[in-house]
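The values are calculated or read from the model by the stated rules, or taken from the named source; none is laboratory data. Model, not experiment: these values are computed from the prediction. Glycine also receives a Cβ, built like all others from the backbone with ideal geometry; neighbour counts cover every protein chain displayed. Side chains included, ligands, DNA and RNA excluded: accessible areas come from the protein's heavy atoms. Shrake-Rupley method; radii C 1.70, N 1.55, O 1.52, S 1.80 Å.
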Amino acid sequence: MQTLIFLLLAFLLAIFSILLYFKTKQQRINKLNSGLCPNCGEKTRSFFDEKTNTIFKNEAISKRVLKNHGCSGVVEIEYSCKFCGLKEVHPQTTTSCSL
């Protein structure tokens, strides 16, 4: 009986830790897509030039497409932070194809 309870608890712990991993990974990707570095906390800075009435943006995160596997495939994007040097590659699926 103790073995069954231990196995059930170990199974539930494994399931919840996998769900927590995917949740934190998705939150990290959302931060990178919004322009916020999850490592150092830097975000996009905006400057306003009063003479020309222009807004200049200094992006903290730069995106670069590494591989594009077509219309219904996965796009691998490299995110890099200009301030702390963070580099991460995340796959994202495309939902539409513009022909």
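Rounded to the nearest 20 Debye, what is the dipole magnitude of the stretch 1-59 about its Cα centre when Lys and Arg each give +1 and Asp and Glu each give -1 at the C-beta?
Around 80 debye, computed over the stretch 1-59.
Give the shape of the stretch 28-78 as rounded, prolate or oblate, defined through the alpha-carbon gyration tensor: a ≥ b ≥ c are the square roots of its eigenvalues, a/c under 1.5 means rounded, and otherwise the shape is prolate if a/b is larger than b/c and oblate if not.
Judged from the Cα gyration tensor, the stretch 28-78 comes out oblate (a/c at least 1.5, b/c at or above a/b).
Between Cys37, Cys71, Cys81, where does the largest GNM mean-square fluctuation fall for the chain, given springs only between Cα atoms within less than 10 Å?
Checking each option, the largest mean-square fluctuation is seen for Cys71.
Using a Förster distance of 25 angstrom, determine the FRET efficiency expected from the C-beta separation of Phe16 and Asn68, and round it to 0.05. Walk me through the numbers before you get to the answer.
Details: r = 35 Å, r/R0 = 1.39.
Efficiency for this residue pair is about 0.10.
Among Asn39, Asn53, Asn30, which one shows the biggest mean-square fluctuation in a GNM of the chain, springs joining Cα atoms closer than 10 Å?
Looking only at Asn39, Asn53, Asn30, the biggest GNM fluctuation is shown by Asn53.
With n ≥ 4 as the cut-off for DSSP H runs, can you work out [θ] at 222 nm for the chain, using -39500 (n - 2.57) per run divided by the number of residues, rounded to the nearest 500?
Calculated from helices alone, the mean residue ellipticity at 222 nm is -12000 deg cm²/dmol.
What residue among Cys40, Ser72, Ile5 has its Cα farthest toward the positive end of the dipole of the stretch 1-74, where the charges are +1 on Lys, Arg and -1 on Asp, Glu, each on the Cβ?
Farthest towards the positive pole: Ser72.
Note down the magnitude of the dipole of the chain about its Cα centre, charges +1 on Lys and Arg C-beta and -1 on Asp and Glu C-beta and zero elsewhere, to the nearest 20 debye. Let's see the in-between values first.
Details: 13 positive and 7 negative charges, 12 e Å.
The dipole of the chain has a size of about 60 debye.
What is the spread of the Cα atoms of the chain along each of their three principal axes, largest first, in whole Å?
78, 37, 21
Counting only GluC sites (Glu not before Pro) that sit in a DSSP loop (anything but H, G, I, E, B) with at most 16 other Cβ atoms within 10 Å, what is the longest stretch of the chain containing none of them?
Answer from the scan: 1-49.
I'd like the carbon and sulfur percentage of the solvent accessible area for the chain, probe radius 1.4 Å, heavy atoms only, ligands and nucleic acids excluded.
60
Computed FRET efficiency, Cβ-Cβ of Thr54 and Gln27, R0 25 Å: what is it to the nearest 0.05? Please report the intermediate quantities before stating the final value.
On the way: r = 33 Å, r/R0 = 1.34.
Using R0 = 25 Å, I get an efficiency of 0.15.
Where does helix 2-34 land angle-wise versus the long Cα axis of the chain, in degrees 0 to 90, nearest 10?
For 2-34 against the chain, the angle is about 10 degrees.
Hey, can you grab everything whose amide H is under 5 Å from the amide H of Cys84? Only 5+ residues off in sequence or another chain; H modelled, so Pro and N-termini drop out.
Distant-sequence amide H within range of Cys84: zero hits.
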